[in-house]
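Q: Dropping the structure in here first, questions after.
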Amino acid sequence: MVGSQKGLIAFVKKKLNPLSLDPSDLIICHCIIHQESLCAQLLWLNSVMSTIMSCINFVKSREFNSCQFKELLQDLDSEYRDLVYHCEVRWLSHGKMVMKFYKLWGEVKQFMEVKGKPVRELNDSKWLCDLAFVVDITKYLSDLNVKLQGANQLLSSLLSNVKLFEAKLRLWKVELKRNNKVHFPTLEGQKHCRTLEYAVECSKLIETFNERFKDMKSKPMKLNIFATPFNVEPVDVPDKLQHKTIQFQSDDELKARSNHLSLLGFYKCYISSDECPTLRTHELKYASVFGTTYCCEQSFSKLSIAKSRLHSRLTNANLEKQLSVATSPVPAHITGFTKEKQFQVPAITLVVS
């Protein structure tokens, strides 16, 4: 899709040249959530994940073992009643799986010994420290992923969340080098852990995030003009936007109004094509880049409701209209619509004898 020689981007650039349009004005943005998940996959310590998957597969792959393990958890009055599988496609299951495994470490260890399959790593304090670190870092990565999947996420807000996480990584790296585990509560519960190697893992994540998101960070000024037009330096913006930038930043009333509106709401109310055609074009360009995960997941949820077995007649046209109404941010005013309709009242004939 985003290849420089082949794919959609290369095809679009070739089509722009005959139209006298500058290909460098294209906003090339790979799926942010996919990029973040690829960064996270570098983190998994092989020894930790292989041991966890081996234990879970032994318990879950056979129904008899699974039932026995559930009974053991019930007898021990454990916090959880079962383990969960890990799925590479929905990688958020990493965090839930690792966290539950850590909580049930003692029960898993006891069950494997009873079944004659003792696991050496479950008695290794170094391995348990690695597991605790993975639990904490996956929790942070999962939180980031959830933020990136939220509704109404513009490119500026998505990139802000990524930058915030990178800043936290740099902080964690420094603190772990000092053997300070305050930001890793699970790891802090493990005694005699050497945290220097975990600082190295944070460094790897920082490098990977920088590499994966370098394209989106290559033109920060253009994005800042859209996201924070009152904070940019006029001398740094493109020549055709400098005068309008100075004009906006000098209007204190306009600046005050922007604090009470969303970014898109502000542009919609106060930036018109007649008065500011160049800035309006710039705003529309960056407003068109937004996270679509929430929209897609919402559509699938609404589709599952619309295509129920109770519908006797559901054509493609009907389904398209239902999805449009169900996913629209504007609520349908059904009562108002019905009042505007004139219903036919059946004629009643009275016979007087």
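Rule-based calculations on the coordinates, nothing more; no lab input. None of the values given here were measured: they were computed from a predicted structure. Counting neighbours? That spans all protein chains shown, and the Cβs are built from the backbone with ideal geometry, glycine included.
Q: How many nm separate the modelled label positions at residue 174 and residue 333, each set 7 Å beyond the Cα in the direction of the Cβ?
A: Roughly 5.5 nm, to one decimal.
Q: Cut-off under 17 Å on the C-alpha distance; same-chain residues fewer than 8 positions from residue 100 excluded. Which lysines are left, in chain and number order?
A: List returned: 60, 70, 109, 139.
Q: Once fully extended, how much extra length lies between residue 340 and residue 13, figured as 0.36 nm per residue of separation less the alpha-carbon to alpha-carbon distance?
A: 112.7 nm
Q: Related question: How much length is gained on full extension from residue 164 to residue 221, taking 0.36 nm per residue of separation minus their Cα-Cα distance?
A: Numbers: separation 57, 0.36 × 57 = 20.52 nm, distance 1.79 nm.
Full extension from residue 164 to residue 221 adds 18.7 nm.
Q: Additional query: Give me the one-decimal Kirkwood hydrodynamic radius in Å for the stretch 226-287, with the sum taken over alpha-carbon pairs.
A: Value: 11.8 Å, from the Cα pair sum.
Q: Going through the cross-link list 191/217; 96/268; 147/222; 15/217; 15/255, which pairs have a Cα-Cα distance over 30 Å in this structure?
A: Numbers: 191/217 40 Å; 96/268 41 Å; 147/222 23 Å; 15/217 25 Å; 15/255 40 Å.
In this structure, 191/217; 96/268; 15/255 exceed 30 Å between Cα atoms.
Q: Right, here's the next one. May I ask you to evaluate 6.51 cos²θ - 1.76 cosθ + 1.60, the Karplus curve with θ = phi - 60°, for each residue of the stretch 160-165 and list the ³J(HN,Hα) values in order in whole Hz, giving x for glycine and proline?
A: Using θ = phi - 60°, the values come out as 5, 5, 5, 5, 4, 5 Hz.
Q: Next up: Ranked highest first by average number of other Cβ atoms within 10 Å, how do 172-181, 265-274 line up? The partial results should precede the final answer.
A: Working: 172-181: 16.7, 265-274: 13.8.
Most protected by this proxy first, the peptides run 172-181, 265-274.
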